[in-house]
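Colleague: Below is the structure I would like to discuss, written out as structure tokens.
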Amino acid sequence: MVTAVAHTNIALIKYWGKRDANLIIPYTGSLSLTLDQFYTETSVNFDQNLDRDEVSIDDQSAANNSWQRVHDFLEIVREKSGAHLNAKVVSRNHVPTAAGLASSASAFAALAAAASKAAGMNLNNQELSRLARRGSGSACRSIFGGFVEWQRGTDDADSYAVPIDTPHLSDIRVVALTIEKHQKPISSRRGMALSVTTSPYYPTWVKVVESDLQSIKSAINQDDFTRFGTISELNAMRMHALTLSSDPDFLYFNGSTLDAMNEVKRLRHSGIECYYTIDAGPNVKVICQTKNVKEITTTFSKLFGPDKVIVAQPGPGIKYL
Ligand code: DP6
């Protein structure tokens, strides 16, 4: 049995759209920060006594759709490794409160690491990133700690994440506001497919992400937090504009999301520098520096309750236990 731990990541330049849905090759690159607070621990054991794959998630037998996704991923591992046995998979998400922060990124990164090793493959991190990508695109970034770039590539061999090795922006903090714990009505998988096929702005998004990526990398290089935060917030809003311009249109924000966005702007105008980013759900992540964490957590604790506010910092890459 092999056990692996992977941390989730938050994208600052978003991945939103697949060029190849089967291999999960994206239309654009993306850039993320791996976080210390939220992680998945997964054990895999290939066992000749099993007549089908057994999957448990957070101490419960996996529901049909989750079972299918894990099974499909194990099929890829079996095909690549030559292993043919069924597997027992036990996965646990570690999230401070039941706050809807469990993510497919940490889940498939941990599964890729544990399953490939249990099947006798000895993959390096680049190969592991390519494998994790097949489970969920964002998972390819969770193989590495800190800032990570997913280089979009054009095929299975050259679409993988690389760590951005930098001493800069090390006092960055992410204050997660866990406004809503319910499952999103439109998964990111469905949402991005709808945006690719129906938003008239999609071709513009592809162009804009290339320049946002260049700008954020130069902001990191220059240790420029203001530019870093500004580009992150802009890029997130550009992604959400693709949901509003899809047919049918859809939106991940709720009323509390808007309240949090307005509060971030108010704080910023009052001299507390912070920026927001939002993924495929109503929760807001506030990007800031250590010096302002206290003021920001106090403000949002008053607004949403202290149990809804979690402070994260840069987290590590994949680990085996
Ligand atoms: C908004 O990686 O969950 O979080 O590849 O279909 O599994 P699939 O999608 P997924 O999408 C993540 C979308 C996002 C942006 C990001 O993480 O880059």
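Coordinate-derived values only; no laboratory data. The structure presented is a predicted model; accordingly, all values stated were derived computationally and were not measured. Cβ placement follows ideal geometry from the backbone for every residue including glycine, while neighbour counts extend to all protein chains displayed.
Colleague: What is the dipole size for region 118-212, taken about its Cα centre, with +1 at each Lys and Arg Cβ and -1 at each Asp and Glu Cβ, in debye to the nearest 20?
Modeller: 480
Colleague: Restricting to Cα atoms and excluding each atom paired with itself, what does the Kirkwood estimate give for region 106-237 in Å?
Modeller: By the Kirkwood definition, the hydrodynamic radius is 16.9 Å.
Colleague: Turning to a different aspect of this structure: For Ile76 paired with His269, estimate the spin-label separation in nm (one decimal), with each label point 7 Å from Cα along the Cα-to-Cβ line.
Modeller: Taking the two extended label points, one gets 4.6 nm.
Colleague: Please give the charge dipole size of region 2-167, origin at the Cα centre, charges +1 on K and R Cβ atoms and -1 on D and E Cβ atoms. Round to the nearest 20 debye.
Modeller: The calculation lands at about 280 debye.
Colleague: Just to be sure I follow: if Rg is taken over the C-alpha atoms of the chain and Rh is the Kirkwood radius over the same atoms, what is Rg/Rh?
Modeller: 0.96
Colleague: A follow-up question, please. Report, in degrees rounded to the nearest 10, the 0 to 90 angle that the Cα long axis of helix 64-81 makes with the longest principal axis of the chain.
Modeller: 60
Colleague: Which one of Leu267, Phe108, Ile179 has its Cα pushed farthest toward the positive end of the charge dipole of the chain, where Lys and Arg give +1 and Asp and Glu give -1 at the Cβ?
Modeller: Value: Leu267.
Colleague: Let me ask something else. Among Ser91, Val77, Gly317, flag the residue with its Cα farthest along the positive direction of the charge dipole of the chain, charges on Cβ as +1 for Lys/Arg and -1 for Asp/Glu.
Modeller: Gly317
Colleague: What Cys residues in the chain have no fellow cysteine's beta-carbon under 4.7 angstrom?
Modeller: Cys140
Colleague: A further question on this structure: Greater than 32 Å separation of Cα atoms is the criterion. Which listed pairs, Lys80/Lys207; Lys80/Lys285; Lys14/Lys302, meet it?
Modeller: Beyond 32 Å: Lys80/Lys207; Lys80/Lys285.
Colleague: Could you work out which residue, out of Pro282, Pro26, Pro203, moves most in a Gaussian network model of the chain, that is, has the largest mean-square fluctuation with Cα springs under 10 Å?
Modeller: With Cα springs under 10 Å in the chain, the top fluctuation among Pro282, Pro26, Pro203 is at Pro203.
Colleague: Sticking with this one: Put +1 on the Cβ of each Lys and Arg and -1 on the Cβ of each Asp and Glu in region 173-312; which of Phe228, Ser188, Ile296 then has its Cα farthest toward the positive end of the dipole?
Modeller: Ile296
Colleague: Right, something else. Could you run the Karplus curve 6.51 cos²θ - 1.76 cosθ + 1.60 with θ = phi - 60° over region 234-250 and give me ³J(HN,Hα) per residue in whole Hz, x for Gly and Pro?
Modeller: Residue by residue, region 234-250 yields 4, 5, 4, 5, 5, 5, 5, 5, 6, 6, 5, 9, 7, 10, x, 6, 8 Hz.
Colleague: Give the long-range amide H neighbours of Ser199: residues separated by 5 or more places, or on another chain, with amide H under 5 Å away, using H modelled in the peptide plane at 1.01 Å from N.
Modeller: Amide H neighbours of Ser199: Asp247.
Colleague: Tabulate in residue order the Karplus-calculated ³J(HN,Hα) for region 109-118, using 6.51 cos²θ - 1.76 cosθ + 1.60 with θ = phi - 60°, rounded to whole Hz; enter x for Gly and Pro.
Modeller: 5, 5, 5, 4, 5, 5, 5, 5, 5, 5
Colleague: What list do you get for Asp53, Asp156, Asp20 if you sort them by fewest beta carbons within 10 Å?
Modeller: With the fewest neighbours first, Asp53, Asp156, Asp20 line up as Asp20, Asp156, Asp53.
Colleague: Show the residues, 5+ positions off or on another chain, whose built amide H is closer than 5 Å to the amide H of Phe38.
Modeller: Hits under the 5 Å cutoff: Thr8.
Colleague: Collect residues whose amide H, placed 1.01 Å from N in the peptide plane, falls under 5 Å from the amide H of Gln289; neighbours closer than 5 in sequence don't count.
Modeller: Correct list: Arg173.
Colleague: Most fluctuating residue of Ser245, Ser270, Ser106 in a GNM of the chain with Cα springs under 10 Å: which is it?
Modeller: Ser270
Colleague: Follow-up. Please give the length that would be gained between Gln289 and Asn65 if that part of the chain were fully extended, namely 0.36 nm times their separation in residues minus their C-alpha to C-alpha distance (nm, one decimal).
Modeller: Value of the extension gain: 76.7 nm.
Colleague: Follow-up question, since we're still on this one. Fewest Cβ neighbours within 10 Å first, please rank Lys294, Lys308, Lys265 accordingly.
Modeller: Ascending number of Cβ neighbours within 10 Å: Lys294, Lys265, Lys308.
Colleague: First select every other residue whose beta carbon is under 12 angstrom from the beta carbon of Asn45; then total the charges, Lys and Arg +1, Asp and Glu -1.
Modeller: Taking every Cβ under 12 Å from that of Asn45, the sum is -1.
Colleague: How large is ³J(HN,Hα), in whole Hz, for each residue of region 41-56 in order, when computed from phi with the Karplus curve 6.51 cos²θ - 1.76 cosθ + 1.60 and θ = phi - 60°, using x for Gly and Pro?
Modeller: Along region 41-56, the couplings run 10, 10, 10, 10, 9, 7, 9, 5, 8, 9, 9, 7, 5, 10, 10, 10 Hz.
Colleague: Within a 10 angstrom radius of the beta carbon, how do Val284, Val311, Val95 rank from fewest other beta carbons to most?
Modeller: Going from least to most buried by this count: Val311, Val95, Val284.
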